[in-house]
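Taking it in order: structure first as structure tokens, then the write-up.
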Amino acid sequence: MSVDENTPILRSCIKLPLATDELLEVTAKAKDYAIMHGAAMRSKTSFSPDSLNFAPFVLVPSAFPRKEFEKAIALQPIINRLMHNVAHDEEFITTTLAETIKVDEFTANLFKIYRKVLAHGFTQAYSVGLLRSDYLAHVYEGCAIKQVEINTIASSFGGIATHLVPLQNFVLRELGHAEKLKHMPKNDALAGLCDGMVKAWDIYGKPESVILFIIEDISYNICDQRFHEFYIRETYPHIKVLRRTLTEVHREGKLGQRKELLLGTTEVAVIYFRAGYEPGHYPTQGEWDARYLMETSLAIKCPSIQYHLAGTKKVQQALAQPAVLERFINDPEEIKAVGKIFTGLYSLDDNEVGNANYEMALRTPERFVLKPQREGGGNNVYGMDIPDALKRMTRVERSAWILMDLIHPPLTQGYMVRPGSDMPPQIMDMVSELGIFGVVIGDADNIVHNYQAGHMLRTKLSTANEGGVAAGLGALDSPYLIDSEDEDASN
Ligand code: ADP
Ligand code: MG
């Protein structure tokens, strides 16, 4: 990503650079601290189910504007309600995705399941949303946060993010900066998310029933998932957790007389999807059949199919159009507050508006990012690459994509620590993306639980378009809240 040389740099938490000896020593300690406290992942390059690498992390917490952080936290229950209402608006979901599903086979398959479930009536009225709303601060609007996307499926890193605060606390103390800890907000993401699943289990109301995690064939982000599992097992020992792939559910799963989901003789109360959000998770029709079986069952899904569809980029784009929020939010103040976090989002549907947006993208591609209906990183097209990508598509194919204004975040400077990278780490220019977790549980008529559930910060090199932590250029981090730029002396 090209960075404007005038991009402001947020002041760092402590004075940098560190002396080389001190840096080497504290980095080595921090790596071991990370592995020993589960800020870790399986290696993709030398995979072994028996070992872990530390997850890439930023040594000292990166600055984030306090006011914007607090705004994001305060907005989360409103966003939870918004997404819940969107998920339950059949007409909105159907018309919004109408063009997209003509050309995007994956979304079309999800949508087919949705229509089939609708046709038979929902067996389970309740859904659980474990959401994560992602933001970048935008320098052209005084660092006001802008939503990058909202995740409604497999919102990850709540587990590791919770354990990253103690890691960075440890580093700051080692460096003699204990007084800085008070500017790091506490993070209860893990407890908040797991308690959401347990509340759903309570609603299901069968003492012998279990919580099922749907997983990929290989879970690289194993610690994050295990943190959820172990938290539930340790805090609520009477609730069992099972892990199965979609393929295994296809093989073992069936519906009982009340349409309860059975794996063998075990009844499933809650299904937590950590897989199922990308085409590769469905290698055969069998995995799609398994997804349908679960959607049509009595188990409470996290997320249910309508929640999954509500999290598509196309729905996000539709929500950002003028006057659409009024359909889902009553309070004018809330509409205004949510409206402000949206940046420009544009349809590329095959109609007059879509075609005008297409022309605009060709004229000024540097203003935009082009996104398909995919999750998990690495799918977007940026800036000057957009015209070629668009020209390769037919008019109809374009409707599977949306166009979004590029957000320009401020820079921070710090040390990014990655497995296998050179020691000592160098000071890098970086940018941070804040994720706020939310939990919402309810049916079409009522919301019974709605709360904000902690946060995560992912930081990437300023030169990278995307900062996937597993993918290579991102690192886990937590916010160091700063009040304003005029307090530099406090360093
Ligand atoms: P995914 O579902 O693959 O995570 P995202 O919409 O979150 O898709 O995009 C992936 C990454 O691309 C984000 O984490 C962010 O770093 C970058 N990105 C996405 N949208 C924008 C934008 N509008 N401006 C700047 N960067 C963006
Ligand atoms: Mg994302």
Item to check | Charge sum, other residues only, whose C-beta stays under 13 Å from H88's C-beta, Lys/Arg counted +1 and Asp/Glu -1 | outcome: -3
Checklist entry - Share of the stretch 394-488's accessible area from carbon and sulfur, percent, 1.4 Å? => result 47
Checklist entry - Given a 1.4 Å probe and every protein chain left where it sits, what share in percent of the accessible area of the stretch 256-310 is carbon and sulfur? => result 52
Checklist entry - Roughly how large, in nm² to one decimal, is the mean projection of the convex hull of the alpha-carbon atoms in the stretch 261-330? => result 6.3
Checklist entry - Just the accessible area per residue of the chain, please: how many Å² with a 1.4 Å probe? => result 41
Checklist outcome for this item: Set K29/K180; K44/K371; K199/K460; K102/K460, cut-off 30 Å on Cα-Cα distance; pairs above it are K199/K460; K102/K460
Checklist entry - How big is the convex hull of the Cα atoms of the chain, per residue, in Å³? => result 148
Next on the checklist: Give me a comma-separated list of calculated 3J(HN,Hα) values for the stretch 208-215, in order, Karplus coefficients 6.51, -1.76, 1.60 applied at θ = phi - 60°, integers in Hz, x for any Gly or Pro.
Outcome noted: 8, 6, 10, 9, 9, 9, 8, 10
Checklist entry - Mind checking Rg over Rh on the stretch 106-257, alpha carbons, Kirkwood formula for Rh? => result 1.04
Checklist outcome for this item: Here FRET efficiency (C-beta to C-beta, T463 to R327, R₀ 51 Å, nearest 0.05) is 0.80
Next on the checklist: Would you calculate the convex hull of the Cα atoms in the stretch 306-416 and tell me its volume per residue in Å³?
Outcome noted: 153
Checklist outcome for this item: Between the modelled labels at S421 and R251 (7 Å from Cα along Cα→Cβ) the distance in nm is 3.9
Checklist outcome for this item: Sorted on mean Cβ neighbours within 10 Å (highest first), peptides 124-131, 10-17, 40-47 come out as 124-131, 10-17, 40-47
Item to check | Radius 11 Å from Cβ of G344, net charge of other residues (Lys, Arg +1; Asp, Glu -1) | outcome: +1
Item to check | Vicinal HN-Hα couplings computed from phi for the stretch 306-316 (Karplus, 6.51 cos²θ - 1.76 cosθ + 1.60; Hz; Gly/Pro x) | outcome: 5, 5, 4, 5, 5, x, 5, 4, 5, 5, 4
Next on the checklist: Just to be sure I understand the curve: with the Debye formula and one point per C-alpha of the stretch 374-491, what is log10 I(q)/I(0) at q = 0.12, 0.18 Å⁻¹?
Outcome noted: -0.70, -1.10
Next on the checklist: I'd like the Karplus ³J(HN,Hα) series for the stretch 431-444: coefficients 6.51, -1.76, 1.60, θ = phi - 60°, whole numbers in Hz, and an x wherever there's a Gly or Pro.
Outcome noted: 9, 10, 10, 8, x, 10, 8, x, 10, 9, 10, x, 10, 4
Checklist entry - Length gain on complete extension for the stretch K340 to S43, per 0.36 nm per residue less the alpha carbon to alpha carbon distance? => result 103.0 nm
Checklist entry - So what are the three principal axis dimensions of the stretch 33-98 from its Cα atoms, in whole Å, longest to shortest? => result 48, 35, 17
Item to check | Computed lengthening from K182 to V448, 0.36 nm per intervening residue step minus Cα-Cα distance | outcome: 92.4 nm
Next on the checklist: Could you tell me how many cubic angstrom of Cα convex hull volume the stretch 185-339 has per residue?
Outcome noted: 157
Checklist outcome for this item: Counting only residues 5 or more apart in sequence or on a different chain, those whose built amide H sits under 5 Å from that of S43 are S48, N53
Item to check | Added length on full extension, which subtracts the Cα-Cα distance from 0.36 nm per residue, T7 to V353 | outcome: 121.3 nm
Checklist entry - Calculated FRET efficiency, T123 and K15, Cβ-Cβ r, R0 60 Å, to nearest 0.05? => result 0.50
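The values are calculated or read from the model by the stated rules, or taken from the named source; none is laboratory data. Quick caveat: nothing in here was measured; it's all calculated off a predicted structure. As a convention, Cβ positions derive from the backbone with ideal geometry for all residues, glycine included, and neighbour counts pool all protein chains shown. Note: accessible area is taken over every heavy atom of the protein model, side chains too, but ligands, DNA and RNA are not part of it. Shrake-Rupley method; radii C 1.70, N 1.55, O 1.52, S 1.80 Å.
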